[in-house]
Each structure stands twice: as structure tokens, then as C-alpha cells.
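Here the structure is laid out as C-alpha cells; the discussion comes afterwards.
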Amino acid sequence: MARRRSSITTPLRYMIKAIRAHGGEPPKELLNTLALAQYAAWEVGLKDYKRAWEIAEGVLQAMKVPKAMYGLYRSFVMEYVNKVKKRGILTDEELITIWERKGGIDRKVMEEIIKKLKR
């Protein structure tokens with residue numbers, strides 16, 4: 001049997017569904033609580049990405065990379081977190097090679113960012 005996903009919002013969503021199934025209207029306080037819980041759950045999922053970008057931004061500033069290049073490095077960092085750290089489908093070196101082929105960003109900067117993210 002398949003396992004159902006549950007999150008911190010599951011009990012609240014079920015309570016609202018049950019109230020509506022019986023013809024009622026859920027109280028505003030319950031809807032506000034659900035909205036806050038959904039936001040908290042969303043923010044938890046982004047924590048790794050935010051932290052990684054904060055670290056990478058420090059590296060970029062220290063290495064005096066032009067601000068116009070930050071978007072490319074941000075894409076690199078987001079892909080690093082997703083494909084290397086979370087899912088493990090690429091190694092550090094494979095990702096650097098892919099980004100070298102795309103062009104536009106420096107290998108030394110990418111290696112320094114990865115080194116800082118591993119600490």
C-alpha cells in the first residue's frame with residue numbers, strides 16, 4: 001500500500017475539509033493558522049538554498065566578482081545544492097565541468113564556493 005505524504009499542515013487541512021464536508025464554514029482563525037503553517041513549511045524547504053547563497057555571496061565579494069555575474073553564480077549554487085547535496089546525482093567535479101562548458105564563470109571561483117559550502 002502506498003504511503004501518504006504528511007506535513008505540518010496535514011491536520012489543519014483535514015480539519016478544514018471536514019468542516020466544509022458537513023456544510024460549515026471554517027473559522028478565520030483556523031484559515032490564518034493554516035496559512036502561517038504553510039508558509040513555515042515552505043520556508044523550511046528553502047533554508048538550504050538561502051544558506052548556500054549567503055555563503056557564496058561572501059565568496060564572490062571576497063574574490064571581487066562583478067555584481068553583473070552574480071546571477072550566473074547563483075544558478076550554479078542552486079544547482080549545486082539540488083543536484084549534488086540533496087539528490088546526489090552529480091559530483092562536484094561533474095557540475096564544475098558542466099558549468100565550464102556553459103561558459104561565463106570562473107573555475108577557481110566555483111571551487112572556492114564549493115569548498116566554503118562543504119565546511
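Since every read-out is calculated from the coordinates, none of them should be taken as a lab result. As the structure is a computational prediction, the values presented were derived from the model and not from experiment. Using ideal geometry, Cβ is built from the backbone for each residue, glycine included, and neighbour counts are taken over all protein chains shown.
Please work out how much length the chain gains when fully extended from ALA40 to MET69, using 0.36 nm per residue of separation minus the C-alpha to C-alpha distance, in nm with one decimal.
Computed gain between ALA40 and MET69 is 7.3 nm.
For the chain, give the magnitude of the charge dipole about the Cα centre (Cβ charges: +1 Lys/Arg, -1 Asp/Glu; no others), in debye to the nearest 20.
280 debye
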**Prompt:** What lysines could a cross-link reach from LYS17, if we take a straight Cα to Cα line under 16 Å and drop same-chain neighbours fewer than 8 places away?
**Reply:** LYS28
